[in-house]
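The values are calculated or read from the model by the stated rules, or taken from the named source; none is laboratory data. Worth saying up front: this structure is predicted, and the values here are computed from it rather than measured. Cβ coordinates were reconstructed from backbone atoms using ideal geometry, including for glycine residues, and neighbour counts include every protein chain displayed.
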Amino acid sequence: MNRFTLTERICVSIGAKTIKELSSSINKALELSSFLEIRFDYLDQLDIPSSLKIIESIKSRSVFTLRSREQQGKFNGTEFERLKILKILYDANPMLLDVEYDTINTDHSLNDYLKDKSNVLISWHNFFNTPSNEYLEQKIYEMKRFSKNIKLVTMAKTIKDSFRLLNLYDKFKDSNLIAFAMGDYGIISRILCTFYGSSALTYASLEQSIAPGQLSVIEMRRIYERINKYFLDNVIAN
């Protein structure tokens, strides 16, 4: 993703509850961003087949996500049903299919089904704090057993937590890493992660935030546009 500018590396998270809302949100997001995260857990299970038809033309730049309640998601079905849908989403061949590390690490049938991991994004979230550097590094090594596409997100309790997440990019240059922190102290890492990681996406909301500390795509674009303008005016000019 090196060829993309900062604003083009914003991934808009869409948590639509109906097919109509999904279609409308996609149209709005595409005016502001190159990448989308489709949160299928917000939809009714019965609407997922129809939603895949709507997304067909933009799946090559979409992250498909189906979060369970245990992972702070909205999916109301059983884990058996969720695993079945994850396989359907994988077969749809999106740019990336987000699969939680805890899920793929415990369910061997899912791991066997996802034979080609090149478009599988292994994710791990800690919604309470940011563990030690040693713990985070070990977690990434464990996640890399399944895919080189890694997403690691924690809750920042201090500004230092954000920079500890960003420092992981230097440690794992051989991975397609997405790492940032949640919460107010994590906002700076959401902004800077695209500077640190050559393939990193940063996630933003379309309007209302669906994760702690998540900025809207308009806010994120304004920040990046100011950074770009400053660079052009003060660095290149001199």
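The table for this structure:
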item	result
Of residues in segment 59-69 being surrounded by 13 or more Cβ atoms within 10 Å (Cβ to Cβ) and small (Gly, Ala, Ser), the one modelled with the highest pLDDT	62
Among the residues listed as 173, 157, the single one being over 30 Å from residue 16 (Cβ atoms), out of contact with any Asp or Glu (no Cβ under 8 Å at 6 or more places or on another chain) and modelled with pLDDT of 95 or more	157
Single condition residue 72 does not satisfy, out of (1) of a type outside the set (Ser, Thr, Tyr); (2) over 20 Å from residue 216 (Cβ atoms); (3) modelled with pLDDT under 95	(2)
Filtered residues of segment 169-202 (kept if surrounded by fewer than 22 Cβ atoms within 10 Å (Cβ to Cβ), within 17 Å of residue 131 (Cβ to Cβ) and in contact with a helix residue (DSSP H, G or I) (Cβ under 7 Å, 6 or more places away or on another chain))	171, 172, 185
Pick from segment 108-137, criterion part of a loop (DSSP other than H, G, I, E, B) and at pLDDT 95 or above, ranking: nearest to the chain's Cα centre (by Cα)	127
Residue that is nearest to residue 48 (Cα to Cα) [pool: residues in segment 82-115 that are loosely packed, with under 13 Cβ neighbours inside 10 Å and among the acidic types (Asp, Glu)]	91
Some residue of segment 34-44 being within 20 Å of residue 200 (Cβ to Cβ), modelled with pLDDT under 95 and either in contact with a His (Cβ under 9 Å, 6 or more places away or on another chain) or not basic (Lys, Arg) (or both)	yes
Unmet requirement for residue 164, which otherwise passes all of (1) surrounded by fewer than 17 Cβ atoms within 10 Å (Cβ to Cβ); (2) farther than 16 Å from residue 10 by Cα	(1)
Hits in segment 150-161 - residues which are buried (at least 19 other Cβ atoms within 10 Å of the Cβ), farther than 18 Å from residue 35 by Cα and not small (Gly, Ala, Ser)	152, 153, 154, 161
Residue in segment 209-224 that is surrounded by 14 or more Cβ atoms within 10 Å (Cβ to Cβ), aromatic (Phe, Trp, Tyr) and at pLDDT 95 or above present	no
Residue list for segment 5-58, restricted to those being surrounded by 20 or more Cβ atoms within 10 Å (Cβ to Cβ) and of a type in the set (Asp, Glu)	37, 41
Residue that is closer than 21 Å to residue 121 by Cβ and touching a Gly at 6+ places or on another chain (Cβ under 6 Å), where the choices are 9, 82, 61, 67	67
